[in-house]
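Heads up: the structure comes next, in structure tokens.
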Amino acid sequence: MTLLEAKSLVYAYPGGVPALRGLDLRIQAGRRLAILGPNGSGKTTLLLHLNGTLRPSTGRIVLEGEDCGYSRSQLVAWRRRIGLVFQDAEDQLFAASVAEDVSFGPLNLGMQDDEVRQRVDETLVALGIQDLADRPTHMLSFGQKKRVALAGAVAMRPQILMLDEPTAGLDQKGSWQLLEVLTRLESLGTTLVFTTHDVDLAYSFAHDVALFKDGKVLVQGVVDTVLADAGLLARVELRSPFLMELGLKARALGLLADASPLPRNRDEVLNLFGPRAL
């Protein structure tokens, strides 16, 4: 089922700098979507349109079949359902403590204090940062700030959660932990959308991918199909995912049957060589 659609979006920044050029995109319920493309291709600008922060010159945003409006009440209702986490967590943290920051969204929904406290506690536990509740936000590490920014969005219980370059700046452990948290959120009914220029992340984590180039979606479809097209990837200055190339090589060598799916993670690759390979 299509939850959210961008239809023929056109947008230019002050000075006439074009950002979106008749862009179309679909977000399907329960399917992780990676928006993939080089820097400057319009990925972040699109996210800011999908939650109503920016308004297109022409085109429209459709949420479950209804056009989104831009009155104050319509924007509030819109943003209750569509959460956004920025690439730089500093842009999203402003309260004195972690708990205060996470409580901001629920308080703006008009929730009672007891309900807000419960929502904040549940969110901090879900993200594994309950020990940071009273920590000043300016004393957090980069990875902790990422999690707190995510907690602020999650506390709103959005139908769709959008993340701009979610693993940017994180070390390997931090990236794994973040993806584990996102997977848990998905199991609770949240649809995930994220921008990235990391083709390997898109291949290993997303179900669908949209390739961006110069403010347009060149193609949107299932990860295995889109990322197997070397010509399309070259147009957005990307190469095929390493694990996909490895899987195709294994298939050519007879280690993987033609009908078997290509490996999507490290363990699946190791399994190609049998249990004694380690």
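Worth pointing out:
- Total lysine pairs under 16 Å (Cα atoms) in the chain, excluding pairs fewer than 8 apart on one chain: 6
- Accessible surface, the stretch 92-251, averaged per residue in Å² (probe 1.4 Å): 46
- Computed about its Cα centre, the charge dipole of the chain is approximately 560 debye, with only Lys, Arg, Asp and Glu carrying charge at their Cβ.
- Sequence-separation-based contact order of the chain, relative, with Cα cut under 8 Å and 6+ spacing, percent: 23
- Rounded to the nearest 10 degrees, the inclination of helix 113-126 to the longest alpha-carbon principal axis of the chain is 20 degrees.
- Given charges at beta-carbon only (K, R positive; D, E negative), |dipole| of the stretch 1-113 in Debye: 500
- Length, then width, then depth: along the principal axes, the Cα atoms of the stretch 206-278 run 48, 21, 21 Å.
- Computed label-point distance, nm, for sites residue 239 and residue 224 using a 7 Å Cα→Cβ extension: 2.4
- Dimensionless Rg over Rh [the stretch 135-197; C-alpha; Kirkwood]: 0.96
- Each listed q (0.11, 0.16, 0.17 Å⁻¹) maps to a log10 I(q)/I(0) for the chain, found by the Debye formula over equal Cα scatterers with no solvent: -0.68, -1.28, -1.38.
- Peptides 164-172, 63-71 ordered by average Cβ neighbours within 10 Å, highest first: 164-172, 63-71
- Mean silhouette area of the stretch 113-245, derived from the convex hull of its C-alpha atoms and averaged over all directions, reads 9.5 nm².
- Rounded tilt (10° steps) of 142-154 against the dominant C-alpha axis of the chain: 70
- Ranked packing of 73-81, 31-39, most packed first, by mean Cβ within 10 Å: 31-39, 73-81
- The chain - percent of accessible surface contributed by carbon and sulfur, probe 1.4 Å: 51
- Applying 0.36 nm per residue to the separation of residue 8 and residue 251 and subtracting their alpha-carbon distance, the gain on full extension is 83.5 nm.
- The ratio of the alpha-carbon radius of gyration of the stretch 205-246 to the globular-protein estimate 2.2 N^0.38 Å is 1.09.
- Here the stretch 85-177 is treated with +1 on each Lys and Arg Cβ and -1 on each Asp and Glu Cβ, and its dipole about the Cα centre works out to around 200 debye.
- Positive-pole candidate from 189, 209, 89, dipole of the chain, charges at beta carbon: 209
The values are calculated or read from the model by the stated rules, or taken from the named source; none is laboratory data. As the structure is a prediction and not an experimental result, all values here were calculated from the model. Neighbour counts run over all protein chains shown; Cβ positions are idealised from the backbone, glycine included. Ligands, DNA and RNA are excluded from the accessible area calculation, which covers all protein heavy atoms including side chains. Shrake-Rupley method; radii C 1.70, N 1.55, O 1.52, S 1.80 Å.
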